[in-house]
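To start, I am sharing the structure in question, which I have written as structure tokens.
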Amino acid sequence: MVEYGMTAKALQEVLQRVETWPEEAQEDLAQIAREIDAQLAGRGYHATAEELAALDEAERSGIATDEEVETAFKSFRRE
């Protein structure tokens with residue numbers, strides 16, 4: 001296991017480099033951080049409007065089945 005101080009330093013170093021990443025990669029990291037924060041705070045993750053729209057589009061286009069879309073929506077609902 002990594003010591004807290006080492007983890008915090010490594011995180012600070014990465015966050016400095018993140019500013020040079022493409023916007024899409026930055027948003028991916030931000031979303032992952034929001035999910036981790038929600039888990040640690042004991043609350044479920046709630047999908048963004050963009051995520052919900054993507055699910056709707058996947059269902060309309062046939063990329064995802066009705067069951068797959070429903071499973072995804074259930075994961076966003078509060079328990």
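Does any residue of segment 12-27 turn out to be modelled with pLDDT of 90 or more and among the aromatic types (F, W, Y)?
yes
If you don't mind, another one. Collect the residues in segment 39-63 that are at pLDDT 75 or above and not small (G, A, S), keeping them in residue-number order.
Q39, L40, T48, E50, E51, L52, L55, D56, E57, E59, R60, I63
Can I ask one more? Does V14 fit the bill of being without any contact (Cβ under 8 Å) to a residue 60 or more places away in the chain, more than 21 Å from F73 (Cα to Cα), aliphatic (A, V, I, L, M) and in contact with a helix residue (DSSP H, G or I) (Cβ under 7 Å, 6 or more places away or on another chain)? Please lay out each step first, then the result.
Details: without any contact (Cβ under 8 Å) to a residue 60 or more places away in the chain: yes; more than 21 Å from F73 (Cα to Cα): yes; aliphatic (A, V, I, L, M): yes; in contact with a helix residue (DSSP H, G or I) (Cβ under 7 Å, 6 or more places away or on another chain): no.
No.
The values are calculated or read from the model by the stated rules, or taken from the named source; none is laboratory data. On a predicted model such as this, the values are computed, not experimentally measured, just so you know. With ideal geometry, Cβ positions are generated from the backbone for all residues, glycine too; neighbour counts draw on all protein chains shown.
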